[in-house]
1. Taking loop as defined by DSSP and a crowding limit of 15 other beta carbons within 10 Å, which trypsin sites (Lys or Arg not before Pro) in the range 60-128 fit?
2. Based on alpha-carbon centroids, what's the gap between the range 102-173 and the range 191-226 in Å, whole number please?
3. Among Asn87, Asn111, Asn128, determine the one that fluctuates most according to a GNM of the chain built with springs between C-alpha atoms less than 10 Å apart.
4. Compute, for the range 8-244, the length of the dipole vector about the Cα centre, with Cβ point charges of +1 (Lys, Arg) and -1 (Asp, Glu) only. Units Debye, rounded to 20.
5. Kindly provide the helix-only [θ] at 222 nm of the chain, computed as the sum of -39,500 (n - 2.57) over DSSP H runs of four or more divided by all residues, to the nearest 500 deg cm²/dmol?
6. Count the net charge of all other residues whose Cβ sits under 15 Å from the Cβ of Ser147, scoring Lys and Arg as +1 and Asp and Glu as -1.
7. With 10 angstrom as the radius, rank Asp52, Asp44, Asp82 by how many other C-beta atoms surround their C-beta, starting from the fewest.
8. If I model the range 8-244 as equal point scatterers sitting on the Cα atoms and use the Debye formula, what is log10 I(q)/I(0) at q = 0.16 Å⁻¹?
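Nothing in this text is a laboratory measurement; each read-out follows from the coordinates by a stated rule. Predicted model, so just to flag it, every value in this text is computed and none were measured. Heads up, the Cβs are rebuilt from the backbone with ideal geometry, glycines too, and the neighbour counts pull from every protein chain shown.
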Amino acid sequence: MNRLAGKRALITGGTSGIGLETAQRFIAEGADVLVTGVTPASIDKARQIFGDKVPVVQADARDLDAQRGLAERVREHFGKLDVAFLNAGVSDWRPFEDHTEDSFDRLFDINVKSVFFLTQALVPVLANPSSVILNASNSAHGGYGHSNAYAATKAAIASLMRSWNADLLRSHGIRFNAVSPGPVDTPLYSKLGIEDPAQQSAVLEAISSGIPLGRMGLPEEVAEAVVYLASDVSAFAVGQDLILDGGQTVL
Ligand SMILES: NC(=O)c1ccc[n+]([C@@H]2O[C@H](COP(=O)([O-])OP(=O)(O)OC[C@H]3O[C@@H](n4cnc5c(N)ncnc54)[C@H](OP(=O)(O)O)[C@@H]3O)[C@@H](O)[C@H]2O)c1
């Protein structure tokens, strides 16, 4: 299919998990894509997967100059940008009492502050019309144990998504929407600091059993929703936060 033919798209965190799957789906739908990552091994792997056609740019979300540099790189590469999927993020679930100033700041720096200032830097680069999709989380829609600071970063993202429409839709033709996945089977779960494989599978089983559908989501199930929000058929969708979580939030 060619649902994104001719679209110039930026995908942050396009080296792994949901972002990697979405980048591949975008390319299959006819888009030209530029992706970002931060970990050298992950960037190398993505370069092997994508080959020469897709620039894989290292841009640490904790470094605001790198975010502004990324916007400039996007401008040099594409001229104008039709779609941005701002997806790069980290997860850190822990008991409320165990959070430190550093762990709190790391979550907010990567998941919120970088998205805020990258979006600001991208405004002059985004075409009129264009579509920006933010990756939030269903944890922003409920009260899940140990989600506290992480869930708050995603609630901030959902809030920014709505207010940016007020700031930028009429004046710049940029529409913002979000996806809010529930637990999705990606490498994110191997980055939670659980070393023991048996304990890791126990955690994944416990997560799956809490989902009414009985399983975790697949990256392609999120990617498909992002393709919809990126494409012109969703042009009338503005300020929506699409929850994809096997029924966890509503049941
Ligand atoms: N998986 C889930 O259950 C789930 C549920 C709801 C929402 N989400 C959200 O979905 C997004 C993607 O998660 P995922 O599950 O696909 O995780 P993932 O496989 O760990 O991918 C995370 C991506 O973000 C990038 N990233 C991490 N820290 C970064 C930094 N400091 N600077 C730049 N890039 C950085 C990673 O780059 P490298 O590969 O180069 O390290 C990677 O490309 C996140 O925002 C997450 O909060 C995930």
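1. Arg62, Lys80
2. 23 Å
3. Judging by the Gaussian network model, the answer is Asn128.
4. In total the dipole reaches around 680 debye.
5. -13500 deg cm²/dmol
6. Overall, the nearby charge balance is -2.
7. Starting with the residue having the fewest Cβ neighbours, the order is Asp52, Asp44, Asp82.
8. -1.17
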